[in-house]
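S.K.: Just passing along the structure, written as structure tokens.
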Amino acid sequence: MGIKLLLDKANVPGIRGYEVYRREGGYRSVEKALKEMNPESIVEEVKKSGLRGRGGAGFPTGMKWSFIAKPEGVPRHLVCNADESEPGTFKDRYLMEFLPHLLLEGLIVSSFALGANDTYIYIRGEYAWITDILEEAINEAKANGWLGKNILGTGFECNIYVHRGAGAYICGEETALIESLEGKRGNPRIKPPFPAIQGVWQRPTVVNNVETLAAIVPIINMGGEEYAKIGVGRSTGTKLISACGNINKPGVYEIDMTISVEEFIYSDEYCGGIKGGKQLKACIPGGSSVPILPANLLLKTATGETRYMNYESLSDGGFATGSMLGSGGFIVLDEDQCIVKNTLTLARFYRHESCGQCSPCREGTGWMEKILHKIEHGHGTIADIDLLWDIQRKIEGNTICPLGDAAAWPVAAAIRHFRDEFEWHINNPVLSQTSNFGLQHYADPIHVPA
Amino acid sequence: MTYTFNETQMTELNRLVAHYPEGKQKSALLPALHLAQDSFDGWLPTELMDYVASLLHIEPIEVYEVASFYSMFNLKPVGKFIFEVCQTGPCMISGSDDIIAYIQQQLAIKPGETTQDGVFTLKLVECLGACGYAPMMQVGKIFREHLTKEKVDSIIAEYRATVTK
């Protein structure tokens, strides 16, 4: 069993409620932070821990915190990004649903470190029942003196509010989230100014992912240096991976980032292998926007090294032969899956979720969906593949926010690694409507199931 | 038609508005629209949006532009129960196409349509964050996961029973 820092108590009966959570050692980090530490020393511990943002971008959290402006007399805010919407990602949902107090505990400590008194959890609108769970937990925490005025007699005031979104992937982007929190359309803002200077209501704001903020609890409890000893290189601590697709055991797993991709997919402790004894064809290892990899490049890097479940190893080889850890949304495709169709559903997703502000993204995502639709339905031409490549290239890097890149990458990677499957669709318009390209040479070379 | 919140709904609105700093009551717009949609017929007619605007002291256009941006707000009448079936990648590779086809067949409606008795609306949606429990759909506040044809049958029967009672 690997090390668990976040989900170690997830199976304790009643852990969702305050009594059990506290009995199991909950809220110790708040006591330690408020009584024995000060905001600066907490930020120092987080820097030492090497914690990187768990929402997908992987930016060092301690550094992000140190950017917050502290103008005299202007309130600062912490906003928890619970707008989890990246296809394949459902880890924050799990954490909030089963361990709501862990998130609150992390939020209180983080709010103290940032000098924020009013903290918001921006949760995606569809997680309606989790909103109720969080509000219940907030009431319990308040009743037990962990929220409100003068917490633990230290004079520190902290209030946490849940703000429900209403169905918009783009609000996971921090400036769109801030716009949405202000009651507007989720159109990302042009940076600078960065939220740390002018965020919600023009006040200094830090936006962090749910898992990132929950990880503050073990960091404070064990100390940043101890936390940094777990993992490897710049991938410190543990990471939640939500695994889905054609595997035996879909679900949320906490890993310590030293295990190999092969172990993660095939061991019974994690995904338990490919469903139905089929063969692995491809995998999107970090949420739908990261590059898809064929089995042969997934388990080993292009230079033949074992690939591990961490930031550095998954991105080994760059986009040419690697991918990203991203949000930890691990999507596994077996031999029966069609890459063209999978790419089409993702292109449709990004077209649907584009806010429409920047023309490369607004127009480009629509074009990509239409062309993929055409190829999938047997009306494509070889020139369409080049057109797709051209469009994605013109979106990437040319938009205000990263949604443009997120829409371009899956299409680019699908063509890069599976061009012959696209060609097969085009050259076999009738056959491709009833049968599948299958594995061909994509088969995982080291794993032939018995 | 004019709309007015009852006392309970008004208390809830005030609780939501109190989450934000003074003068920033527009921030409560999304929560307020959820409340309005859930309190009446499951959708947002113009008059209802105007009412929300008046409660938050903002211009009606500020409400319209927001309501039309977010996919959870319905701008057309809907059935009593909305089957919001996910069709994105992870659900698709887990068989959502078959589930969508089966629901269409059982309810005799196409995506975006409502059954003649006004009970069910079928809506195709993008990733709801239940990829490990696919295929799935959202009905009201809850997720119905690991869908099979048999499960769809029993879910339809379950909601139908609440109406005929």
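The values are calculated or read from the model by the stated rules, or taken from the named source; none is laboratory data. Computed from a predicted structure; not experimentally measured. Cβ: placed from backbone, ideal geometry, glycine included. Neighbour counts: every protein chain shown.
S.K.: Do we have any residue at all in region B:71-83 that's under 27 Å from B:M136 (Cβ atoms), within 13 Å of chain A (Cβ to nearest Cβ) and in a strand (DSSP E or B)? Walk me through how you get there before you give the answer.
M.R.: Residues of region B:71-83 that are under 27 Å from B:M136 (Cβ atoms), as a first pass: B:71-83.
Applying the additional criterion that residues be within 13 Å of chain A (Cβ to nearest Cβ) yields B:71-75, B:82.
From what is left, the residues that are in a strand (DSSP E or B) are B:82.
Yes - at least one qualifying residue is present in region B:71-83.
S.K.: Determine if region A:219-235 includes at least one residue that is of a type outside the set (V, I, T), within 13 Å of chain B (Cβ to nearest Cβ) and more than 23 Å from A:G397 (Cβ to Cβ).
M.R.: Of the residues in region A:219-235, the ones of a type outside the set (V, I, T) are A:221-229, A:231, A:233-235.
Keeping just the survivors that are within 13 Å of chain B (Cβ to nearest Cβ) gives none.
For region A:219-235, residues of a type outside the set (V, I, T), within 13 Å of chain B (Cβ to nearest Cβ) and more than 23 Å from A:G397 (Cβ to Cβ): absent.
S.K.: Got at least one residue in region A:352-366 being in a helix (DSSP H, G or I), more than 9 Å from chain B (Cβ to nearest Cβ), in contact with a His (Cβ under 7 Å, 6 or more places away or on another chain) and surrounded by 19 or more Cβ atoms within 10 Å (Cβ to Cβ)? First the steps, then the outcome.
M.R.: Of the residues in region A:352-366, the ones in a helix (DSSP H, G or I) are A:352-353, A:359-366.
Among the residues that remain, those that are also more than 9 Å from chain B (Cβ to nearest Cβ) are: A:359-366.
Still in the running and in contact with a His (Cβ under 7 Å, 6 or more places away or on another chain): none.
Looking for residues that are in a helix (DSSP H, G or I), more than 9 Å from chain B (Cβ to nearest Cβ), in contact with a His (Cβ under 7 Å, 6 or more places away or on another chain) and surrounded by 19 or more Cβ atoms within 10 Å (Cβ to Cβ), one finds none in region A:352-366, hence no.
S.K.: Please determine, by comparing only the residues of region A:352-384 that are touching a residue at least 40 places away in the same chain (Cβ under 8 Å) and charged (D, E, K, R), which one is farthest from A:K239 (Cα to Cα).
M.R.: Here the answer is A:D384.
S.K.: Among the numbered criteria (1) among the aromatic types (F, W, Y); (2) touching a Pro at 6+ places or on another chain (Cβ under 7 Å); (3) without any contact (Cβ under 8 Å) to a residue 40 or more places away in the chain, which single criterion is violated by A:F112?
M.R.: (3)
S.K.: More than 19 Å from A:I121 (Cα to Cα), more than 12 Å from chain A (Cβ to nearest Cβ) and among the aromatic types (F, W, Y) - does that describe any residue in region B:57-70?
M.R.: So far as region B:57-70 goes, no, none of its residues is more than 19 Å from A:I121 (Cα to Cα), more than 12 Å from chain A (Cβ to nearest Cβ) and among the aromatic types (F, W, Y).
S.K.: Out of all the residues in region A:384-419, which are more than 30 Å from A:G55 (Cβ to Cβ) and either in contact with a helix residue (DSSP H, G or I) (Cβ under 7 Å, 6 or more places away or on another chain) or among the basic types (K, R) (or both)?
M.R.: Selection gives A:D384, A:I385, A:L387, A:R419.
S.K.: For region B:43-61, state whether one or more residues are assigned to a helix (DSSP H, G or I) and under 19 Å from A:C171 (Cα atoms). Steps first, please.
M.R.: Of the residues in region B:43-61, the ones assigned to a helix (DSSP H, G or I) are B:46-56, B:60-61.
Retained after the next criterion (residues that are under 19 Å from A:C171 (Cα atoms)): none.
Taking every residue of region B:43-61 in turn, none turns out to be assigned to a helix (DSSP H, G or I) and under 19 Å from A:C171 (Cα atoms).
S.K.: What about A:E86, is it within 14 Å of chain B (Cβ to nearest Cβ), in contact (Cβ under 8 Å) with a residue 12 or more places away in the chain and either in contact with an Asp or Glu (Cβ under 9 Å, 6 or more places away or on another chain) or not polar (S, T, N, Q) (or both)? Before the answer, list the steps.
M.R.: Working: within 14 Å of chain B (Cβ to nearest Cβ): yes; in contact (Cβ under 8 Å) with a residue 12 or more places away in the chain: yes; either in contact with an Asp or Glu (Cβ under 9 Å, 6 or more places away or on another chain) or not polar (S, T, N, Q) (or both): yes.
Spelling it out, A:E86 is indeed within 14 Å of chain B (Cβ to nearest Cβ), in contact (Cβ under 8 Å) with a residue 12 or more places away in the chain and either in contact with an Asp or Glu (Cβ under 9 Å, 6 or more places away or on another chain) or not polar (S, T, N, Q) (or both).
S.K.: Now for a separate question. With the requirement that a residue be in a helix (DSSP H, G or I), more than 12 Å from every other protein chain (Cβ to nearest Cβ) and of a type outside the set (F, W, Y), what does region A:314-339 give you?
M.R.: Let us first name the residues in region A:314-339 that are in a helix (DSSP H, G or I), namely A:314, A:318-321, A:339.
Subsequent filtering for residues that are more than 12 Å from every other protein chain (Cβ to nearest Cβ) retains A:314, A:318-321.
The answer is A:L314, A:G318, A:A320, A:T321.
S.K.: Of all residues being more than 9 Å from every other protein chain (Cβ to nearest Cβ) and surrounded by fewer than 24 Cβ atoms within 10 Å (Cβ to Cβ) in region A:155-168, which is nearest to B:L35 (Cα to Cα)? Just the residue, please.
M.R.: Initially, region A:155-168 is screened for residues more than 9 Å from every other protein chain (Cβ to nearest Cβ), giving A:155-158, A:160.
Of the ones still in play, those that are also surrounded by fewer than 24 Cβ atoms within 10 Å (Cβ to Cβ) are A:155-157.
Details: A:G155: 35, A:F156: 32, A:E157: 29 Å.
Selected residue: A:E157.
S.K.: Taking A:L152 as the residue in question, decide whether it is surrounded by fewer than 20 Cβ atoms within 10 Å (Cβ to Cβ), in contact with a Gly (Cβ under 8 Å, 6 or more places away or on another chain), modelled with pLDDT of 95 or more and more than 10 Å from chain B (Cβ to nearest Cβ).
M.R.: Details: surrounded by fewer than 20 Cβ atoms within 10 Å (Cβ to Cβ): yes; in contact with a Gly (Cβ under 8 Å, 6 or more places away or on another chain): yes; modelled with pLDDT of 95 or more: yes; more than 10 Å from chain B (Cβ to nearest Cβ): yes.
Yes; evaluated as a whole, the condition is true for this residue.
S.K.: Return the pair list, or none, for Cβ contacts closer than 6 Å from residues in region B:118-136 that are within 11 Å of chain A (Cβ to nearest Cβ) to residues that are of a type in the set (K, R) and crowded, with 24+ Cβ neighbours inside 10 Å, at least 6 apart or on different chains.
M.R.: Pairs that qualify, where the first residue is within 11 Å of chain A (Cβ to nearest Cβ) and the partner is of a type in the set (K, R) and crowded, with 24+ Cβ neighbours inside 10 Å, are B:G129/A:R93.
S.K.: Would you mind listing the helices (runs of 4 or more DSSP H) fully within region A:169-249 where at least 2 residues are surrounded by 24 or more Cβ atoms within 10 Å (Cβ to Cβ) and in contact with a helix residue (DSSP H, G or I) (Cβ under 6 Å, 6 or more places away or on another chain)?
M.R.: Numbers: elements: A:174-181, A:210-222, A:224-229.
Filter on region A:169-249 gives A:174-181, A:210-222.
S.K.: For the condition on the phi > 0 side of the Ramachandran plot, in a loop (DSSP other than H, G, I, E, B) and touching a helix residue (DSSP H, G or I) at 6+ places or on another chain (Cβ under 8 Å), what is the one hit in A:G378, A:G438? Break it down into steps so the answer makes sense when it comes.
M.R.: On the way: A:G438 fails: touching a helix residue (DSSP H, G or I) at 6+ places or on another chain (Cβ under 8 Å).
Selected residue: A:G378, the only one of A:G378, A:G438 that is on the phi > 0 side of the Ramachandran plot, in a loop (DSSP other than H, G, I, E, B) and touching a helix residue (DSSP H, G or I) at 6+ places or on another chain (Cβ under 8 Å).
S.K.: Whether any residue in region A:261-279 is among the charged types (D, E, K, R) and within 14 Å of another protein chain (Cβ to nearest Cβ) is what I want to check.
M.R.: So in region A:261-279, the residues among the charged types (D, E, K, R) come out as A:262-263, A:268-269, A:275, A:278.
Retained after the next criterion (residues that are within 14 Å of another protein chain (Cβ to nearest Cβ)): A:275, A:278.
There is at least one residue in region A:261-279 that is among the charged types (D, E, K, R) and within 14 Å of another protein chain (Cβ to nearest Cβ).
S.K.: Looking only at region B:84-112, which residues are buried (at least 19 other Cβ atoms within 10 Å of the Cβ), touching a helix residue (DSSP H, G or I) at 6+ places or on another chain (Cβ under 8 Å) and more than 10 Å from every other protein chain (Cβ to nearest Cβ)?
M.R.: B:V85, B:I99, B:I103, B:L107
S.K.: What number of residues within region A:377-397 are surrounded by fewer than 21 Cβ atoms within 10 Å (Cβ to Cβ), within 19 Å of A:T345 (Cα to Cα) and more than 28 Å from the chain's Cα centre (by Cα)?
M.R.: Qualifying residue count for the region: 6.
S.K.: Scan region A:266-313 residue by residue and report those that are under 22 Å from A:R419 (Cβ atoms) and in a helix (DSSP H, G or I).
M.R.: Matches in region A:266-313: A:A295, A:N296, A:L297, A:L298, A:L299.
S.K.: What residue, among those in region A:287-304 that are within 13 Å of another protein chain (Cβ to nearest Cβ) and of a type outside the set (A, V, I, L, M, F, W, C), is farthest from A:G404 (Cα to Cα)?
M.R.: The first filter runs over region A:287-304 and keeps only residues within 13 Å of another protein chain (Cβ to nearest Cβ), leaving A:287-290, A:292.
Then keep just the ones that are of a type outside the set (A, V, I, L, M, F, W, C); that gives A:287-289.
Working: A:G287: 15, A:S288: 13, A:S289: 10 Å.
Residue satisfying both the conditions and the ranking: A:G287.
S.K.: Still on this structure: If a residue has to be closer than 17 Å to A:M257 by Cβ, within 19 Å of the chain's Cα centre (by Cα) and aliphatic (A, V, I, L, M) to count, how many in region A:188-239 make the cut?
M.R.: Residues that pass the stated criteria total 2.
S.K.: For region B:118-154, which positions are charged (D, E, K, R), assigned to a loop (DSSP other than H, G, I, E, B) and either at pLDDT 95 or above or buried (at least 23 other Cβ atoms within 10 Å of the Cβ) (or both)?
M.R.: We begin by selecting, within region B:118-154, every residue charged (D, E, K, R); these are B:123, B:126, B:141, B:144-145, B:149-151, B:153.
Cutting the leftovers down to assigned to a loop (DSSP other than H, G, I, E, B) gives us B:126, B:141, B:145.
Scanning region B:118-154 gives B:E126, B:E145.
S.K.: Then there is this: Is there any pair linking a residue in region A:230-242 that is touching a residue at least 40 places away in the same chain (Cβ under 8 Å) to one that is part of a strand (DSSP E or B) and aliphatic (A, V, I, L, M), with Cβ under 7 Å and at least six apart or on different chains, and which?
M.R.: Listed pairs, sorted by first residue: A:T238/A:I255; A:K239/A:I255; A:L240/A:V252; A:I241/A:I255; A:S242/A:V252.
S.K.: Of these, B:P135, B:P77, which one is over 22 Å from A:G329 (Cβ atoms) and either touching a Pro at 6+ places or on another chain (Cβ under 6 Å) or of a type outside the set (S, T, N, Q) (or both)?
M.R.: Details: B:P135 fails: over 22 Å from A:G329 (Cβ atoms).
On inspection, the qualifying residue turns out to be B:P77.
S.K.: What pairs come up if the first residue lies in region A:122-144 and is away from chain B (no Cβ under 12 Å) and surrounded by 15 or more Cβ atoms within 10 Å (Cβ to Cβ), the second is assigned to a helix (DSSP H, G or I) and among the hydrophobic types (A, V, I, L, M, F, W, C), and their beta carbons are under 6 Å apart, counting only those six or more places apart or on different chains?
M.R.: A:A137/A:L104; A:A141/A:L104
S.K.: In contact with a helix residue (DSSP H, G or I) (Cβ under 6 Å, 6 or more places away or on another chain), more than 29 Å from A:T345 (Cβ to Cβ), assigned to a helix (DSSP H, G or I) and modelled with pLDDT of 95 or more - does that describe any residue in region A:115-133?
M.R.: yes
S.K.: Let me ask something else. Does A:G88 satisfy being surrounded by fewer than 24 Cβ atoms within 10 Å (Cβ to Cβ) and of a type in the set (G, A, S)? Reasoning before the result, please.
M.R.: On the way: surrounded by fewer than 24 Cβ atoms within 10 Å (Cβ to Cβ): no; of a type in the set (G, A, S): yes.
Against the criterion (surrounded by fewer than 24 Cβ atoms within 10 Å (Cβ to Cβ) and of a type in the set (G, A, S)), A:G88 does not qualify.
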